[in-house]
Amino acid sequence: MQKISTENFILNVIKYFPILFILISSLLTTLYISYNYTKTLEKEKEEIKKNYIEFNKNLIQNNIDIIDKYINNKNKEANNLLKEKIKEHINAGHEVMTSIYNEYKDTKTKEEIIAIIKAALENIRFDEGRGYFSVHTIEGINILQPINKIFEGTSVFNRQDAQGDYPVQKAIEIANAKGEGFFSWYYYKPNDRTKEFQKIGIVKKFEPYNLIITTSEYVEDFENQVKKETLEYIKNLEYQNKEYIFVIDKKGNFLLTKTRFANISDINKEYLFIEPFNAFANSEKENIFLEYQFENHKEEYTTKTSYLQKIKVYDWIIGTGFNLDNLNLLIKEKQKKLQEEYDKQIYLVFMISIVVTFLFLIVSTLISRILEKKFLDYKENLEKQIIENRNQKETLLKAQEVAHIGDWKLDLKTNKSFWSDEVIRIFGVDKSDKDKFGPEYLKNIMIPEDVVLFEDLINNCINTETEHKCIYRIKKADDKIVWIESRGKLDNDKLYIIGTIQDISENKILEIEKQKKDELFYQQSKMAAMGEMIANIAHQWRQPLSVISTASTGAKLQKEMNCLSDEEFYSALTSINVSAQYLSSTIDDFRNFFNPSNNKVNEFNIADTFRKTLNLLKAQFVAKDIEIIQNIEECQISSIENELIQVLINILNNARDALILKENQKRLIFIDVYLKENVLCIEIKDNAGGIEEDIIDRIFEPYFTTKHKSQGTGIGLYMSKEIIEKHLDGKILVFNDNFTFDNMDYQGAKFSLEISYMESKD
């Protein structure tokens, strides 16, 4: 009932509110225009004032920006300008020397000409008296030093400046290498002996007498000159644009001003300028607008606005401003015009408002009807959407329950978590503890060995912004162990980790069962290999045992008949010893193969590995008239040798069993071993005719065999694939291959193994 009344209220608002609103608005608008236009005029005045101030602020700021750019460009060019200036000086001095030389070279001696050159250059000054020329021999003897006469005639080759440099040596080096060039050093100023100042100098070689001429300028003096030129430039701008521009240095001294003040400390406190200026000067701000009192030409105080900007390259503050004297005149003119316009328009506005009101009434009625229909349609669609969302939420919750997947969110600020109902169900915890949910709560139900891993992965997700992925175990209240896979990512604001939790216990149980099954397969494969080895050893031992038996029996009979010579005795002992050593070697190969301690990564020679393998199988291969053709590249690698041997035995025995069925042809096995980049490649093929195409894809399946039960278990090739892929980080393939050998065409199965390895340091 309450819902229906609310809907009726909304519909009535849609129907009647626009009409009432328009009527009231029209009335209020008319009254406002009629009785409050004076207030509007005041706002116009404020707008005029605002625009006036804003315009002038932009104007003076742009003017200061132009000066700032000029100063920065001037400073950037200062070094080049300095070099250009002293280069002009050195060229002029060198020209003087050249002219004197050319004039007197045929009439006067070298010493006379040098004396004339010295007299000509000695009194030359430039750069307001700071600049002069120095002349040295190429050996570092000073010939001309107008400022410090004590150096003339002495060697200054080893004289150092404040930085420990040798300026004369540097100048000579440049002159010899290039003929002329720039260099810098430090030296006292004539009027300041407290410290040495940086100088930029230029040297030029005078070839006729192997002399060098130098001149220089103090960097600080040149910068001061640039500053002086800059101030002159700003002063001219002031005069041209009739603007009030001032410049203040870091000590508060006015470098450029139209006022009577020399320092800001001289300004009257009534002007309200000193304190905000000092605050700005000591702040990190680069520019600021200041408002303060100013005494105009009528000896009246008026408000003045100035724009100040720091010039960092010179430690200056420059500014300009404007006052509000002209603003009042502008407002009076504007007010008069507005008054006239408002008087003309007020009647028109009144009449228009009446007409518009009636038009709005008609339009609003139509609009209200449209809005009413839209509201009812929206209501219907909203109800449908609510039902759909409810169904989707129920579906999602059901899907989470079926898939054993829940969602979670960790608040990084509070360290509290939100767990969905499915997460709570998976963990088997009480909903009433939701205020306690978080990492610490989770660690209480987690298997202790998994806690450190979980914490590390959470911290890694936070620190590196990578995906959190962790598998851990929890113990529920009924002591049941549950395997959990947790995933999560940081949100865009890095305030939360949002993720999912899935119960993977079933998969883990299957994985563990598979692992146990693989271990069983492995043991079965080992036992099958052991049976093969025992059969091979038994076959191999027949001949050496027969030799031992024959030699010992013969020696015994000869001894009993007193016809045993020393030569025959020692021959029998040698035969017995050789046979015994062979048996011992065979035992060692057998023992090493089945020793569990050898199933680890070690260094070995691949050729030795094949030798060991073939020694274990040799007897049966020889007995079956099988020829093995080897092409094995010698290399030292690191891998698990015993596991590789087991794979080779399985493949070779498989080839042997296939070849036994072939009669009236050569029985051949080919072994090729080579290195390719970081991969050990092994290819084993036979000429037994190949594998049937309908079963070739199944030969690596467990318990699949084409042999009789008494001959094969069907796990040898399966375990070979498992060992290669999981233990040796490689891959194994099989296919039928057609080839030619000794001018005969053959077909057979070819096994291709690729094994990653670490090359031995040796």
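The values are calculated or read from the model by the stated rules, or taken from the named source; none is laboratory data. Small disclaimer: the values here were computed from a predicted structure and weren't measured. With ideal geometry, Cβ positions are generated from the backbone for all residues, glycine too; neighbour counts draw on all protein chains shown.
One residue alone among Lys250, Lys235, Lys242, Lys269 is modelled with pLDDT under 80 and either at positive phi or of a type in the set (Phe, Trp, Tyr) (or both), and that residue is Lys242.
Listed here are the residues, each with its yes/no results for (1) polar (S, T, N, Q); (2) under 22 Å from Phe206 (Cα atoms).
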{"site": "Ile64", "(1), (2)": "no, no"}
{"site": "Asp68", "(1), (2)": "no, no"}
{"site": "Glu77", "(1), (2)": "no, no"}
{"site": "Lys83", "(1), (2)": "no, yes"}
{"site": "Ile86", "(1), (2)": "no, yes"}
{"site": "Asn91", "(1), (2)": "yes, yes"}
{"site": "Glu95", "(1), (2)": "no, yes"}
{"site": "Glu103", "(1), (2)": "no, yes"}
{"site": "Thr107", "(1), (2)": "yes, yes"}
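Quick test for you: out of Ile696, Ile671, pick the one residue that is over 22 Å from Ser638 (Cβ atoms) and either among the hydrophobic types (A, V, I, L, M, F, W, C) or at pLDDT below 90 (or both).
On the way: Ile671 fails: over 22 Å from Ser638 (Cβ atoms).
Unique residue meeting the criteria: Ile696.
Looking only at residues in segment 213-231 that are closer than 13 Å to Lys74 by Cα and acidic (Asp, Glu), which one is surrounded by the fewest Cβ atoms within 10 Å (Cβ to Cβ)? The extreme case among them is Glu229. Scanning segment 122-163 for residues that are of a type in the set (A, V, I, L, M, F, W, C) and crowded, with 17+ Cβ neighbours inside 10 Å, which turns out farthest from Glu111 (Cα to Cα)? Residue satisfying both the conditions and the ranking: Phe126. If you go through segment 618-633 one residue at a time, do you hit one that is part of a helix (DSSP H, G or I) and either within 29 Å of Ser756 (Cβ to Cβ) or not assigned by TED's automatic domain parsing to the domain that holds Phe741 (or both)? No, segment 618-633 has no match at all. Quickly run through segment 592-612 and pick out the residues that are at pLDDT 85 or above and assigned to a helix (DSSP H, G or I). Across segment 592-612, the qualifying residues are Ile606, Ala607, Asp608, Thr609, Phe610, Arg611.
The lone criterion from (1) of a type outside the set (Ser, Thr, Tyr); (2) farther than 16 Å from Tyr496 by Cβ; (3) out of contact with any Asp or Glu (no Cβ under 7 Å at 6 or more places or on another chain) left unmet by Glu467 is number (2).
Of all the residues that make up segment 99-109, how many are within 18 Å of Asn123 (Cα to Cα) and surrounded by 15 or more Cβ atoms within 10 Å (Cβ to Cβ)?
The qualifying residues number 1.
Count of segment 164-204 residues, restricted to those that are surrounded by 14 or more Cβ atoms within 10 Å (Cβ to Cβ) and either under 16 Å from Ile86 (Cβ atoms) or at pLDDT below 85 (or both), is 23. Scanning segment 464-516 for residues that are of a type in the set (A, V, I, L, M) and closer than 30 Å to Pro702 by Cα yields a count of 5.
In segment 404-417, of all residues being surrounded by 15 or more Cβ atoms within 10 Å (Cβ to Cβ) and of a type outside the set (A, V, I, L, M), the one that is modelled with the lowest pLDDT corresponds to His404. Each residue in segment 473-503 was checked for being under 35 Å from the mean Cα position of the chain (by Cα) and closer than 15 Å to Gly406 by Cβ, and 11 pass. When each of Phe261, Phe277, Phe289 is tested for being in a loop (DSSP other than H, G, I, E, B) and at pLDDT 75 or above, the lone residue that passes is Phe261. Among the residues of segment 171-224, those that are without any contact (Cβ under 8 Å) to a residue 40 or more places away in the chain and assigned to a helix (DSSP H, G or I) comprise Glu173, Ile174, Ala175, Asn176, Ala177, Lys178, Glu207, Glu220, Asn224.
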